[in-house]
Amino acid sequence: MDKSKRLFLKSKQSFRRSLSPIQSGDRIDYKNMSLLYRFISQQGKILSRRVNRLSLKQQRLITIAIKQARILSLLPFANSLPFVNNGKKKYEKRESITRTTAVRKKKK
């Protein structure tokens with residue numbers, strides 16, 4: 001392999017490593033809220049590994065930490081209500097309908 005190809009491969013690997021959103025000093029823990037909020041969408045869903053650019057091990061640890069924080073009520077299960085959209089109600093409440101149940105006759 002000549003030098004030009006080796007230089008290209010080395011630069012590609014080092015560039016890929018620098019994209020990781022988790023720094024070496026960051027602890028993946030359920031109490032580290034500033035870290036966990038980076039990996040949750042606005043709806044409260046955990047973002048995928050491709051979007052996060054995490055390794056498999058890091059994604060597993062993030063998922064476990066987010067689930068622990070949700071159970072302990074440190075994070076909400078859903079960030080926004082489905083019927084509110086920019087202050088406007090998406091679904092309006094209908095009038096209540098009273099339902100009556102017919103009396104059934106027993107079969108002999």
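Any read-out appearing in this document is the output of simple, stated calculations on the displayed coordinates, not a laboratory observation. A quick note: this is a predicted structure, and the numbers were derived from the prediction, not measured. Note that each Cβ is placed from the backbone with ideal geometry, even for glycine, and that neighbours are counted across all protein chains shown.
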Contour minus end-to-end for Arg60 and Gln42, with contour as 0.36 nm per residue of separation and end-to-end as the Cα-Cα distance? 4.5 nm
Here the net charge surrounding Pro76, from other residues whose Cβ is less than 12 Å away from its Cβ (Lys, Arg +1; Asp, Glu -1), is +2
